[in-house]
1. I want the antiparallel fraction of DSSP beta bridges within segment A:9-116, as a percent rounded to 5.
2. For a quick check: with amide H placed at 1.01 Å from N, whose amide H comes under 5 Å from A:Thr215's, ignoring anything fewer than 5 positions away on the same chain?
3. Using only the Cα atoms, work out Rg/Rh for the protein assembly as shown, with Rh taken as the Kirkwood radius, to two decimals.
4. In whole Å, what is the distance between the alpha-carbon centres of segment B:113-134 and segment B:43-89?
5. Which percentage, to the nearest 5, of the DSSP beta bridges contained in segment B:2-242 is antiparallel?
6. I need B:Leu167, B:Leu55, B:Leu114 ordered by Cβ neighbour count within 10 Å, fewest first.
7. For segment A:109-247, go through all pairs of different Cα atoms, get the mean of 1/r, take its inverse, and jot down that Kirkwood value in Å.
8. Tell me, what is a quarter of the convex hull surface for the C-alpha atoms of segment B:2-242, in nm² with one decimal?
Protein chains: 2
Amino acid sequence: MRFNSQTSSDGVTEQLFTLGEIPGVLWTPEGARGTRPLILMGHGGGQHKKAPGVLAGARRFVAEGGFAVAAIDAPNHGERPKDPEFLRIAGEMRAGMAADEDPSALVAAMHSHLAGPAVAEWQAVLTAVQQLDQVGTGPVGYWGMSMGCGLGIPFVAAEPRVRAAVLGLLGSTALDDTAARVTVPVQFLVQWDDALVPREQGLALFDALGSAEKTLHANPGNHRDLPSFETDSSLRFFTRHLTRHLG
Amino acid sequence: MRFNSQTSSDGVTEQLFTLGEIPGVLWTPEGARGTRPLILMGHGGGQHKKAPGVLAGARRFVAEGGFAVAAIDAPNHGERPKDPEFLRIAGEMRAGMAADEDPSALVAAMHSHLAGPAVAEWQAVLTAVQQLDQVGTGPVGYWGMSMGCGLGIPFVAAEPRVRAAVLGLLGSTALDDTAARVTVPVQFLVQWDDALVPREQGLALFDALGSAEKTLHANPGNHRDLPSFETDSSLRFFTRHLTRHLG
C-alpha cells in the first residue's frame, strides 16, 4: 500500500493511496490514532472513488462519527483502464437507454462482469487499511448505492468482517440468491420514482435480503434525488451497529 | 378543561384531564414554562390514551426533545362509553378475524364511523392545550399508528395547525382521497409481515399521501413488532420539522 498525497480540512484528513493496481482514498479524523470502526464506500456506475455522493457521506461519517472511511475506484472506473467486455456492455447500455429500453438485464450483466474482481479487491483493501495504526481491526460497515449495491451485496455476503451495510437504489432480481446470503443488519434505500430501477424490483431486492434486521427507507424522487437526511440516518445506523457506547 | 391529577417522574410531568366528555393526558418536561412544540398522539384500535406504544413514545419525546405531548381516548375507547354502531362493527370484526377473513373492509368501516367525532375532538383538544402556559401556540405534530393513522389522516388533512406527522400500520384504500389532501411532511411506517395490513395496501397508502416530502420506513415483523429504533427516528423527524434550531 503506497500513499501518494495527504491533505486535511475541517478536521478530516484525506489520503490518496494505491494498493497494487487499485487507486483508493482513506478519510480519517485529523490527528487520529488507534483503532476505530471503518466504513467502506462503493460508488455508482460511471462514477469514481471521490464522486460527490461518496465524498459528502464520507466526510460526515468521519467528522461526526469518528469513523475511518475508505473508497476505491471499482474495476473499469475512475483512473483505471477499461477492458473490452466492459466497453461492450457499457455501449449496449447507452444504446438501450437512448432507445428507452428497460436497462435491468444489462445492469445485471455489468455488475456480474465486475463483481468477481470487485469483491477480491475490497477484501484486499480491507486487510491493508486495517493494518494502519489510525484504523486497526475495529468493526466494519459497507455503504453502496446503485452499482455500489450491486457489487456490495456479493462483497457483504462473502466477507464476514462486514457487520452492517447501507445499500439501495438497485433492484436486479439476478442478485436475489446472493442477497439471501446477506445476514448482517441492512438499511436499504429506495427512490419511489426511480426511472432506472422499477419500484417493485427495489422492494423485491429488500425482500430478498436474508438479514433478520433490515429496514427499508423509501423517498419520493428519481435515482439521483436521495434526500440529504438519509446521510444523517446512515450515520446513526452505522453508529448503532459499529460502535459500542452509543445506542 | 379540568385537570384531575398530576405526577412527575424522570423529568416528565403527566397530567390527566377532561375536556367536556373527552378524557386526556398531557405530558410536559417537569417545571416547563413557556411555548414549546406539541405532539398529538393517537392510539390504536381497542387501546387507550396511555397504551404502552403511546406512553413510551410520549415520555421520550418530552424527555429527549423537550416537546409537550397530548393523547386522548378516541370515541368508544378507554374510559368512554360505547355506542351501538361501534359494538356492531367491533363484533363483526371479531367474528371475521376468528374466521380468518381479510378485515380491511370492516377496519375501514370502523374508522369511518369514528373519524367525524375524532377530528372535531382533536381540534378542540389542540385549541385547549395550546392555551396552557407550558404549551402555547408552537408548531404541532401528529403521531398515530393503525387506528391512530386511520383517524389521523382525516385530522391532519383537515387541520392546518399540524405541520408534520408520523403515520402508518394501515393500508385502507378507502382513505386514498383523504390521504391525497395531506400535504405536510410525513414519516410512514410499514411492517413488512403485517398479518392485519397487506403489504401492498400499506405501500399504496404511502403512495396516496399528497405530501411532497414523505419517507417510508419498512421493517420485518408483524403488526405489533415495530422496532424501538423507530421511536428514535420519529423523535428526530419531529425535531427536524417542529423545532427551529436543529437541522
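Quick note: the coordinates plus some simple rules give every number you see, no bench work behind them. Keep in mind that this is a model prediction, so the values were computed, not measured. Backbone-built Cβ (ideal geometry, glycine too); neighbour counts: all protein chains shown.
1. Values: 13 of 17 bridges.
The answer is about 75 percent antiparallel.
2. Residues meeting the amide H criterion: A:Val186, A:Gln187, A:Phe188.
3. Expressed as Rg/Rh, it is 1.03.
4. For segment B:113-134 versus segment B:43-89, the Cα centre distance is 13 Å.
5. Working: 19 of 44 bridges.
Bridges in segment B:2-242 that DSSP calls antiparallel: roughly 45 percent.
6. On the way: B:Leu167 27, B:Leu55 18, B:Leu114 24.
Starting with the residue having the fewest Cβ neighbours, the order is B:Leu55, B:Leu114, B:Leu167.
7. Taking the inverse mean of 1/r over all distinct Cα pairs, segment A:109-247 comes out at 15.3 Å.
8. 11.8 nm²
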